[in-house]
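Visitor: So that we are looking at the same thing, I have put the structure below in structure tokens.
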Amino acid sequence: MYKVLREEYGLPSKLAQDCYRDAIATYKGWLKNPKRGRFPVLKNISVWLTAKASYTLDLENKKAKILGQEVQIIGYPHNLDFYKDWEIKEARLVMRADEWYLHVTMKKKVKVEKEVKGLIAVDINMDFITLGNDKQVIEIPTKLSDVYHYKKLAEGLQRKYPKRWKENKRILNRIRHFHTRARNILIDFARKVGKWVIDEAIKFSVNYIVLERLNRMISRVKELKKDFRDRLYLMEYSRIQYWIGWEAKKHGLNVIYVDAKYSSQTCPKCGSRMVESSYRMLKCEKCGYEDHRDYIAVKNLYGRGSLTLSTAPQMRDVTTNR
Ligand SMILES: [Zn+2]
């Protein structure tokens, strides 16, 4: 294969190596799969490229040299500057819908400052992602209603054609399209939340992010009503937390997880139980403190995070960057 690629196609030796290495990887993947199925067929045009040998990247001038040809990079990431001092590793060149995409792997050793400069807490619920400390809280709406909209459209079609939808290609494609839309919104949103949280952490000049530990959340999901459960499941807490963690790592920030038990009904001032005073507003029965429910959750997570960090060595309650 190497000889054919070199002599018949005139590929430079490193690129010929990249090509057959890629083919071997695909073949081995098929071979190792016990279910195996049909022999792999190339459907998408794509190839691994070794950095420097098969391609070079000039981020400053937004140019790349691929297969010996100089190309202009259009639609490059907007935060290109951020990656300027990163090491460029291998890439995958992919053709999709008549456009070429270069997926580049980059590497950098990021120093994580463990000394606490400050912290913010993040509360994720169905309608809002809320972030802040004991003094200042900000929030962004979730995309859940959009996701829900597409899921409902898909379910609607399944209900409308209870027998036909599985066999009818046109209906099936519509249903798939709605599910894909819903999924894409979720994936995109989770990434954006990750970026947003880290941007805010930098603006707050803190280096610790406090998140709710999930195990309790997951067991709580089972107790909720069907419709409710669907929505909560869709939110995919863990996906959002994953991206917060990923962005934090990239920027050298820390993430800690705290127990969120009763965090949305305990008074952040005196620790007493709070009762609903009006829509989404809670009031402390003992000290009279009143605030928005989401803000109370954040303030409590913040308080628990502060406590955890201030007593960190003694507390077994802390898991950093899991
Ligand atoms: Zn109180």
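The values are calculated or read from the model by the stated rules, or taken from the named source; none is laboratory data. A quick note: this is a predicted structure, and the numbers were derived from the prediction, not measured. Because the Cβ atoms are built from the backbone with ideal geometry, glycine has one as well, and the counts that use them run over all protein chains shown. Surface areas here come from the heavy atoms of the whole protein model, side chains and all, with no ligands, DNA or RNA. Shrake-Rupley method; radii C 1.70, N 1.55, O 1.52, S 1.80 Å.
Visitor: Please work out which one of (1) closer than 30 Å to Ile185 by Cβ; (2) modelled with pLDDT under 90 is the condition Met315 fails and give its number.
Guide: (1)
Visitor: Report, by residue number, each residue of the stretch 112-162 that is touching a residue at least 40 places away in the same chain (Cβ under 8 Å), of a type in the set (Phe, Trp, Tyr) and under 18 Å from Arg181 (Cβ atoms).
Guide: Passing the criteria: only Tyr148.
Visitor: Taking the options Tyr150, Tyr161, name whichever one is crowded, with 17+ Cβ neighbours inside 10 Å, among the hydroxyl-bearing types (Ser, Thr, Tyr) and out of contact with any Gly (no Cβ under 9 Å at 6 or more places or on another chain).
Guide: Result of the check over Tyr150, Tyr161: Tyr150.
Visitor: I've got another one for you. How many residues does the stretch 242-262 hold that are away from the ligand (no atom under 14 Å from the Cβ) and either over 15 Å from the mean Cα position of the chain (by Cα) or assigned to a loop (DSSP other than H, G, I, E, B) (or both)?
Guide: Here the count works out to 10.
Visitor: Within 24 Å of the chain's Cα centre (by Cα) and surrounded by fewer than 16 Cβ atoms within 10 Å (Cβ to Cβ): does that describe Asp98?
Guide: no
Visitor: So in the stretch 26-41, with the set limited to residues that are in contact (Cβ under 8 Å) with a residue 12 or more places away in the chain and of a type outside the set (Val, Ile, Thr), which one is least open to solvent (accessible area, probe 1.4 Å)?
Guide: Pro40
Visitor: If I filter the stretch 111-127 down to residues being part of a loop (DSSP other than H, G, I, E, B) and either charged (D, E, K, R) or exposed (fewer than 12 other Cβ atoms within 10 Å of the Cβ) (or both), which single residue comes out as modelled with the lowest pLDDT?
Guide: That would be Asp127.
Visitor: If you go through the stretch 263-286, how many residues are exposed (fewer than 12 other Cβ atoms within 10 Å of the Cβ) and near the ligand (Cβ under 7 Å from one of its atoms)?
Guide: Qualifying residue count, the stretch 263-286: 0.
Visitor: Find all pairs meeting these conditions: Cβ atoms under 6 angstrom apart; at least six residues apart or on different chains; first residue within the stretch 287-306 and within 12 Å of the ligand (Cβ to nearest atom); second residue β-branched (Val, Ile, Thr).
Guide: Asn300/Thr266
Visitor: Out of everything in the stretch 176-215 that is in contact with a helix residue (DSSP H, G or I) (Cβ under 8 Å, 6 or more places away or on another chain) and of a type in the set (Gly, Ala, Ser), what residue ends up being farthest from Leu153 (Cα to Cα)?
Guide: Among those residues, the one meeting the criterion is Ala201.
Visitor: Here are Ile45, Ile73, Ile88: which of them is closer than 20 Å to Tyr101 by Cβ, exposed (fewer than 13 other Cβ atoms within 10 Å of the Cβ) and assigned by TED's automatic domain parsing to the domain that holds Leu102?
Guide: Being closer than 20 Å to Tyr101 by Cβ, exposed (fewer than 13 other Cβ atoms within 10 Å of the Cβ) and assigned by TED's automatic domain parsing to the domain that holds Leu102 holds for just one of Ile45, Ile73, Ile88, which is Ile45.
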